[in-house]
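See structure below.
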Amino acid sequence: MKYKTFITCLVLSLLAHSVIIYRFVTEGILFSGKGDSIAQMIPFQLYLYEQFSKFNFFYDMGFGIGGDFFRSLAYYYSTSPIAYLNFGAVYLLDLFLPLNTGSPDFWFVNQIIVSIFKLTAILYVTYRLFKYLGINQYASMASAFLYGYSTVYFFFTFTWSFFSDVMFYLPLTILGMERYFAERKIGLYLLGIALTLHSNFYFSYYQFIFVLFYFIYRTLYRKASDSVSRRTKLITIVISSLIALMISAVGFYTGVTSYLLNDRTLPPIKLKPFIDFISHYNLFYDGYYIVIPFVAVMALFTFKLYRNYTFRLFAVITWLFMAGSLSPLFDSFFNGFSIDQRRWVYMLAFSAAGLVAVYLHHLKNLTLKDIIISLLPVSLIYSLSVIGSGKSLTWLIFIPVVAVIIMLYVYRPQVITFQFLTVTVVIMNLYFVYDYIREQMDTLHPFYEHDLAFVQSDKYNSETQRSIIKNITTESPAARIDWQTSATHNTPLYQHFNGIKLYSSIFDKDIYQFYDEELNITMDTDSNSIYYRLGERANLYSLFNVNHSIRTDNIATLPYGFELTDQRQGKEKRYSVYRNTHELPLVRVTDKVFNPQELKTPIDREHAMLEGVVLDSPSNSKVTPAENLLPQTTMSLNNATYDGQQLIVSQDQGGITYRLPKRLADRYKDLYVDLSIELKTPSRYHYVWINEIYQSRKPLDDDYRRFNPTITLRIKASDLIQLKLMSGTYTYHINGIYGEDYTTLESATQQQKHQLTQAGGKLVATLSPHDTGYAVIPTPYLNGMSAKVDGRKAEVSEGNYLMTAVKVDKNARKIELTYTPPYFHLMQLISLIGLATAIWYIQKVSRGKRSTVTNQEEIDTIAPPAE
């Protein structure tokens, strides 16, 4: 029977994916949305598989500007058991049937295959749960399909595929809890909790809230079938949860530390008490986040069923979620009291499906009057929805169809009628989700922005681009390239080169500190989820070994010293390849030490890094401070007023002009303009524009805006410095203008050449003759790094604010740098102890005696219908 059930779930999953498969085969349309799915989910999966299959699990200098990808991607796939199963299957298949795993195209197809099996597993475990709760097989399967292939599942998988993993863990955990309450079998509960905690710290918080509420309800209001007392429930569930936490120690610890080491400084959050009542939030009809089936509405208004324990449990949860959906404050609560993100909706889909399961199971005990009463709110809600949205969806036809079949069954209960009803519910759900796809997903994600033609084009991953990258990396595999496609900043991850860009939700806070506070690097936009480029500053490009830049436009912003070496014509764009004429060694050895407290401006810090190394230790060298040219400028206002603190711009592109004496400007190649600026008037997209450098800024209330008022913009040397802004009121102060003639950079290029390679997770530096000092490696230092110099342990520390510095004597020839996350081996030991403890505890609990159930405990008052 279990085998047949699994086959049924697989068939239903294939049926659910039939539209997806058909679209892909006939038109090349992917089951991956534009934006996050194409820009993040696919590159991360490809990248992680590539690293794991090389048995590199932690550190890579090609992850952005380098870092711990295992911890940084714990929010996504690096700790996901489902991702591990997928990677394992791909790895085994690749041994016998070579797969093109290095291409995004493979992972787009893989996403469809994984979704088919994931949905099968969700359907199976949800069916088993509903059956365990006493629901007949037809109602269980139909309702499992309502949950498994809900609009939430499509939304999650299409946009962020790892989100839908949790839709498997939730029914698995609840099934485990119910098995313990009824049979004293705790193993499945342990498994569900351990998988959730290991998989994703973010969703573990969601699951904790739901499971805690479910447990409290099931403990306060006992069920006749419960075999354990309240006290025993509490003790066993708490102990089991702690054991599950031990088992999941590696994944959970990684997820928690990634969150704690992240820096997502947010603007002040001002939440409205209630949502805007627009179709975007209509959870009954055409909502974006979730649409619950109308059968759930009928069930909620079938008052006789509230006497049933299981029905009342799911109804209470559903009502709570429906009430909570009216307020962004509820969304914020589930998002850790941060920005209001509506990602808890899978739990509403689950409770609504459970509600429908009990409703269908007990139809035989209802009357026509009960059905008619339940149809009244349905008629009102959906009539208003059609009028309010101005559109009529296909699946509405199923309301009278399903209502008639229910009435026929209630009037004359027959198994064949009930079977026909459940089949109709399944077909209805297919139309239901299809309308959601057509009305929501297809509108927000046009086909031409997420099909095979798109991802094989110049916008994402064309043959021309790959050819250019291959030529560059063959010549210098460890050096960095400044390049991204128009679709994503994560281009380096799937085009296989070391870049200077990353688009992710989790970063090591040291990186943003380096960008925002220490070097004041100005990115093209003020985003909390992206870091990229290095402010087009030639000193930083050379320090990070960015030896090539590929451009299709915006050549005016190229850093100083880049010269054209190649041009290629793609299908849609022309590519220009520029080489850095001021290349620095991949590893630099220096005996000059500068203390960061003595360096006051970004340009002085750059010069210190070029001449030596900046360390949190006593200095033995000094940098001549750059001259502030601001006192030698004259200022004029353009459609603006300024009182020294507040700048009011009355017309777009108004602002301030600073004029330098031409003889002074001619001394330099570039100017560094250091200023503090922040818009204060009502929110909108705006910009900071100085000469050829343009920074786009998000609206003030944007969830992903990064608050960073102090910036340094590098512009080409000019006697005219024009600050242009959008109309509005700003707090503004210019801190200084500094000239750069690049004599320090040109001098640094004369340093001795040393080599750097990466083999798996190990960085190996091969040194030429040098003096005693510090070997500086331009990749981020992390706690957990260790170094060996010629086989002997050596001191490793953070240098140049972010980079890695290893102390060496003049005889050193080879440095081996490795990284293991702090306490990782301890977490592994805890996991092993947890597994051993779980085996013992499962046996101990199952041998316990059944507790007595008193006559006062509530029992189900409605007998189940015959199947």
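Near residue 102, once Lys and Arg are set to +1 and Asp and Glu to -1 for all other residues with Cβ below 11 Å from its Cβ, the sum equals -2. Ordering 668, 730, 683 by Cα displacement along the dipole of region 630-745 toward the positive end leaves 668 in first place; charges were set at the Cβ atoms of Lys, Arg (+1) and Asp, Glu (-1). Remark: 319, 344, 840, 395 ranked as 840, 319, 395, 344, counting other beta-carbon atoms within 10 Å and listing the fewest first.
If the segment from residue 464 to residue 581 were pulled out straight at 0.36 nm per residue, it would be longer than the present Cα-Cα gap by 39.7 nm. Size descriptors for region 114-223: radius of gyration and Dmax over Cα atoms are 13.8, 40 Å.
Highest average first, the peptides 129-141, 414-426 ordered by how many other beta carbon atoms sit within 10 Å of their residues are 129-141, 414-426.
Pairwise Cα distances in region 630-745 exceed 17 Å in 55 percent of cases. Listing 584, 700 from fewest to most neighbouring C-beta atoms within 10 Å gives 700, 584. Ignoring lysines fewer than eight residues from residue 54 along the same chain, the ones with Cα atoms less than 28 angstrom from its Cα are 118, 470, 501, 509, 762, 788, 793, 814. Distance distribution P(r), region 318-407, all Cα-Cα pairs, bin width 5 angstrom from 0: 3, 11, 14, 18, 20, 16, 10, 6, 2, 0 percent. Rounded to the nearest 5, the antiparallel percentage of DSSP beta bridges internal to the chain is 90%. Applying both filters, DSSP loop and at most 13 other Cβ atoms within 10 Å, to the GluC sites (Glu not before Pro) of region 526-589 gives 572. The distance linking region 243-260 with region 59-113 is 21 Å (Cα centroid to Cα centroid, whole angstrom). Rounded to the nearest whole Hz, the Karplus-based 3J(HN,Hα) values (6.51 cos²θ - 1.76 cosθ + 1.60, θ = phi - 60°) of region 792-805 follow the sequence 10, 4, 9, 6, 10, 8, 7, x, 6, 6, 9, 7, 9, 10, with x at glycine and proline. Ranked by the mean number of other Cβ atoms within 10 Å of their residues, highest first, the peptides 773-782, 661-670 come out as 773-782, 661-670. For the chain, complete DSSP H runs whose alpha carbons reach 20 Å or more along their own long axis and whose mean Kyte-Doolittle score is 1.0 or higher are 2-16, 81-96, 201-220, 230-247, 309-324, 345-361, 368-389, 415-436, 824-846. Ordering 639, 462, 323 by the projection of their Cα atoms onto the charge dipole of the chain, which places +1 on the Cβ of Lys and Arg and -1 on the Cβ of Asp and Glu, puts 323 at the extreme positive end.
Spherically averaged projected area of the convex hull of Cα atoms, the chain: 40.0 nm².
Taken about its Cα centre, region 464-607 carries a charge dipole of about 660 debye when Lys and Arg each add +1 at the Cβ and Asp and Glu each add -1 at the Cβ.
Within the shell defined by Cβ-Cβ distances under 10 Å, the residues around residue 67 carry a net charge of -3, with Lys and Arg each +1 and Asp and Glu each -1. Fully extended, how many nm does the chain gain between residue 555 and residue 592 (0.36 nm per residue separation, minus their Cα-Cα distance)? Residue separation times 0.36 nm, minus the Cα-Cα distance, leaves 9.8 nm.
The packing ranking, built from the mean of other Cβ atoms within 10 Å per residue, places the peptides 206-213, 483-490, 431-438 in the order 483-490, 431-438, 206-213, highest first.
If you take all other residues with their beta carbon under 14 Å from the beta carbon of residue 294, and give Lys and Arg +1 and Asp and Glu -1, the sum is -2. Taking other C-beta atoms within 10 angstrom as a stand-in for reagent exposure, 814, 788 fall in the order 814, 788, fewest first. Across the options 624, 552, 584, the greatest Cα extent toward the positive end of the charge dipole of region 544-669 (unit charges at beta carbon of Lys, Arg, Asp, Glu) belongs to 552. Size of region 702-844: Rg and Dmax of its alpha carbons, in Å, are 24.6, 82. Under a 5 Å amide H cut-off, with hydrogens placed 1.01 Å from N, residue 588 pairs with 776 among residues at least 5 apart or on other chains. Applying D = kT/(6 pi eta Rh) to region 464-607, where Rh is the Kirkwood radius over alpha-carbon pairs, T corresponds to 20 °C and eta to 1.002 mPa s, the Stokes-Einstein value obtained is 131 µm²/s. Relative to the Cα centre, what is the charge dipole magnitude of the chain, using +1 at the beta carbon of each Lys and Arg, -1 at the beta carbon of each Asp and Glu, and rounding to the nearest 20 debye? So the magnitude is around 3000 debye.
Bear in mind these aren't lab numbers, they're just calculated from the coordinates by the rules spelled out. Please read all numbers here as calculations on a predicted model, not as lab measurements. Here the Cβ is made from the backbone with ideal geometry for all residues, glycine too, and neighbour counts use every protein chain on show.
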